[in-house]
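Right, one structure below, let's go through it.
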Amino acid sequence: MKALAKTKAEPGIWMIEAPVPEVSHNDVLIKIHRTSICGTDLHIYQWDEWAQKTVPVPMITGHEYSGEIVELGEGVEGFAVGDRVSGEGHVTCGYCRNCRAGLRHLCRNSIGVGVNRQGAFAEYMTLPAYNLFKLPDEVSYDLAAIFDPFGNAVHTALAFDLVGEDVLITGAGPIGIMAAAVARHVGARHIVITDINDERLDIARRMGVTRGVNVARESLVDVMAELDMSEGFDVALEMSGVASAINEMLEAINHGGKVAMLGIPPGEMPIDWSRVIFKGLTIRGIYGREMFETWYKMASLIQSGLNLEPIITHHFAADDFEKAFALMQEGSTGKVVLNWD
Ligand code: NAD
Ligand code: ZN
């Protein structure tokens with residue numbers, strides 16, 4: 001089969017011929033139809049410090065995917081050949097305390113698809129059946145290929161009640177934009193999103209934000225005055241990982257505000273802790289998606305009319321992966337989808 005793999009410990013990724021993986025006990029074999037490129041895949045491509053210490057070579061990359069089951073391993077129940085699926089990219093241990101409590105997203109031993117085990121940028125992939133999510137008919141393969149980052153957005157956006165609230169989202173990357181769309185769908189009032197990239201803010205506007213703010217040119221405080229928001233935001237979703245964005249957010253949030261943090265800062269990051277204390281803020285870190293509550297919520301959001309289509313801005317055949325990676329690298333796209341059919 002064709003697969004996109006890290007075969008050398010140096011920048012780049014290469015299309016290789018690899019054996020179709022064998023299906024063991026409790027696993028399924030998936031014929032991959034679509035994949036999508038994540039920031040993590042860019043780190044692996046660039047072979048940065050994180051990738052060098054995390055990813056063993058050779059490794060088939062990719063963890064955002066959709067496809068159909070073509071073979072069931074021994075002992076698999078609840079799935080059938082032909083089922084349309086996407087699935088969770090964290091393979092959890094099942095024996096740690098959190099796993100045993102049903103809090104699999106907090107597993108301390110989780111293994112990453114396309115990071116620590118062979119990934120989805122391939123014609124076929126095996127995965128424990130436990131990790132799969134069966135797709136309702138309303139969810140296309142294109143859309144299902146972005147369920148992993150959509151799950152990050154849903155997990156973060158639903159961390160706190162947004163009904164009737166004013167919501168600040170810092171960072172209009174694909175995940176920030178999808179979180180904005182979810183906030184709109186579930187009934188937030190003002191949704192303000194910040195970025196330094198106008199193209200991304202345009203996509204966010206198309207997906208229903210009240211106001212996109214280019215913080216390189218405009219001040220958030222002015223925008224709050226414009227929207228008659230004298231007291232500040234009720235909830236903030238941090239989706240940039242950038243220190244200045246986080247400090248702006250701490251300034252703009254109201255006393256008693258709630259903050260969900262998804263963006264990953266590149267290293268240690270100083271913030272003004274006195275703001276957290278004097279404002280009595282609640283801060284919650286968000287990792288991955290809840291298994292599988294977030295997945296059910298994602299499907300239901302789509303089935304109840306949430307339109308995510310504008311966030312997929314580019315499609316490529318898998319063979320054109322170099323073009324797709326180069327475009328992602330520029331940082332002005334929404335999600336970029338690769339077709340493996
Ligand atoms: P992304 O890098 O595409 O988006 C980040 C956005 O922040 C970019 O559009 C960038 O222009 C913007 N930005 C830069 N400086 C800014 C500033 N001063 N103010 C506001 N915005 C600014 O990433 P993404 O794929 O949308 O993911 C969002 C974040 O979530 C990333 O930090 C990513 O690493 C992280 N992430 C976390 C998890 C998790 O489980 N916690 C999972 C996936 C991604
Ligand atoms: Zn575990």
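Counting every alpha-carbon pair across the range 172-322, the share separated by more than 18 Å comes to 62%.
Projecting the Cα atoms of 119, 95, 163 onto the dipole axis of the range 68-192, where Lys and Arg carry +1 and Asp and Glu carry -1 at the beta carbon, places 95 farthest toward the positive end. By other beta-carbon atoms within 10 Å, ranking 191, 13 with the fewest at the front produces 13, 191. In the distance distribution for the range 91-201, Cα-Cα pairs more than 24 Å apart total 42 percent. Within a straight-line Cα-Cα reach of under 16 Å, residue 8 can be paired with the following lysines, leaving aside sequence neighbours fewer than 8 residues apart in one chain: 53. Rounded to two decimals, the Cα radius of gyration of the chain over 2.2 N^0.38 Å is 1.00. Full extension of the chain segment joining residue 309 with residue 57 gains 87.2 nm, where the gain is 0.36 nm per residue of separation less the Cα-Cα distance.
Residue exposure proxy: 7, 35, ordered by other Cβ atoms within 10 angstrom of their Cβ from fewest to most, comes out as 7, 35.
Ranked by how many other Cβ atoms sit within 10 Å of their own Cβ, fewest first, the residues 124, 287, 95, 296 fall in the order 95, 296, 287, 124.
Summed over qualifying helices (DSSP H, 4 residues or more, each -39500 (n - 2.57)) and divided by its residue number, the chain shows a 222 nm mean residue ellipticity of -8000 deg cm²/dmol. Estimated from the Cβ-Cβ distance and a Förster radius of 22 angstrom, the FRET efficiency linking residue 137 and residue 300 is about 0.95. Under the criterion of Cα pairs below 8 Å and six or more residues apart, the relative contact order for the chain equals 17 percent.
Restricting the range 1-92 to GluC sites (Glu not before Pro) that sit in a DSSP loop and have at most 13 other Cβ atoms within 10 Å of their own Cβ leaves 22, 74, 77. Using only Cα atoms, tell me the angle between helix 174-185 and the longest principal axis of the chain; keep it within 0 to 90° and round to the nearest 10. Once rounded, the angle reads 70 degrees.
Taking a sphere under 11 Å around the Cβ of residue 125 and counting the other residues whose Cβ falls inside, with K and R at +1 and D and E at -1, yields a net charge of 0. Loop-located GluC sites (Glu not before Pro) in the range 205-256 (DSSP state not H, G, I, E or B) with no more than 14 neighbouring Cβ atoms inside 10 Å: 218, 231. For the range 105-199, the list of GluC sites (Glu not before Pro) that fall in a loop by DSSP and count at most 13 other C-beta atoms within 10 angstrom reads 138. Spin-label model, residue 49 to residue 247: label points 7 Å out along the Cα-to-beta-carbon direction sit 2.1 nm apart.
Note that the range 1-150 shows a convex hull volume over its alpha carbon atoms of 113 Å³ per residue.
With a cut-off of 14 Å on the backbone N, the residues of the range 184-203 near the modelled label site 7 Å out from residue 163 along Cα-Cβ are 185-189. Normalised by the number of residues in the range 291-336, the average gap of Cα pairs under 8 Å and 6 or more apart makes the relative contact order 40 percent. FRET efficiency for the pair residue 42 and residue 93, taken as 1/(1 + (r/R0)^6) with r the Cβ-Cβ distance and R0 = 35 Å, rounds to 0.80.
Remark: the chain carries a charge dipole of roughly 700 debye about the Cα centre, counting +1 on each Lys and Arg Cβ and -1 on each Asp and Glu Cβ. Figure legend: label point modelled 7 angstrom from the Cα of residue 322 along Cα→Cβ; residues of the range 1-24 with amide N under 15 Å from it are 5, 11-16.
Where a Cα-Cα gap under 18 Å defines reach, which lysines qualify for residue 31, not counting those fewer than 8 residues away within the same chain? Candidates past the 8-residue exclusion: 2, 134.
Every number in this text was worked out from the coordinates using simple rules, so none of it is lab data. Being a predicted model, the structure only gives us computed values, none of them experimental. Positions of Cβ are backbone-derived with ideal geometry, glycine not excepted, and every protein chain shown enters the neighbour counts.
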